[in-house]
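Peer 1: First, the structure itself, so that you have it in front of you.
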Amino acid sequence: MTTAIRVIVTDDHVIVRDGLQLILETAEGIEVVGVAADGEQALRLTAEQNPDVILMDLRMPNMDGLTAIEHLQRDHSGVAVVILTTYNEDQMVMRALQAGAKGYILKDVTRESLIRTIQAAARGETLLSPEVMQKVLAFSQSPPEQPKPKDSAGITLTDREQEVLEAVATGETNKGIAFQLGISERTVKAHLKTTYDKLGVDSRAAAIAVAAQRGMLPPVE
């Protein structure tokens, strides 16, 4: 019997928490082990319930989602965080991904996309919607308030690492990348590992965010 994915729902609006809980409780293979109204409650529940995935709103009283993610990365790095928000803000997308979020979806996402994202996060993968990916890449190419590096700041990827990174940025899975490049999934994972090490990150989402900021990804068409 497959173990259910343990999920904590964090949002300061009762109707949103209840709605998400209802949706997820009807999903096979997912168990809601707690609901929280802010980041502080989410951290306490994480310590008590040992979840696999946390759905985390960004804007909340007491402790916001971004601050909570930073604490989780430090104290519970094995827990995957999926940002769930109505706020369509490019800056917050970048900050959330760089802080360690495994995924980022808007609250008007379909039930199927929500479940797929949770399942991917539980597997240690990142599933970003095409709309969010476009925003990450577009934000990296917009005129910044502070100067950004125009190159990779001394970071050099091999041709194959670059190909894998660009495929990740389009939302491809490891299996899809392996098929596309004619290599094994194990080799894809090895290239991702060395790319993460070079970029100083530990997730696909963070790698995309950092690489985009450093101008290491193709421009958005």
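None of the figures in this text is laboratory data; all of them are computed from the coordinates on show. What you see is a predicted model; the values in this text were computed from it and never measured. As a convention, Cβ positions derive from the backbone with ideal geometry for all residues, glycine included, and neighbour counts pool all protein chains shown.
Peer 1: Among rounded, prolate and oblate, which fits region 157-221 when a ≥ b ≥ c are the square roots of the eigenvalues of its C-alpha gyration tensor, a/c under 1.5 means rounded, and a/b larger than b/c means prolate? Walk me through the intermediate numbers first.
Peer 2: Numbers: a/c = 1.79, a/b = 1.30, b/c = 1.38.
It comes out oblate by the Cα gyration axes.
Peer 1: Next up: Can you sort 60, 92 so the residue with the fewest Cβ neighbours within 10 Å comes first?
Peer 2: On the way: 60 23, 92 18.
Ordered from fewest to most neighbouring Cβ atoms within 10 Å, 60, 92 come out as 92, 60.
Peer 1: In nm, what is the difference between 0.36 nm times the number of residues separating residue 183 and residue 112 and their Cα-Cα distance?
Peer 2: Numbers: separation 71, 0.36 × 71 = 25.56 nm, distance 2.97 nm.
Extending this stretch completely gives an extra 22.6 nm.
Peer 1: When the Cα atoms of region 5-129 are enclosed in a convex hull and the volume is divided per residue, what value in Å³ results?
Peer 2: Working: hull volume 10.9 nm³, N = 125.
Looking at region 5-129, the number lands at 87 Å³ per residue.
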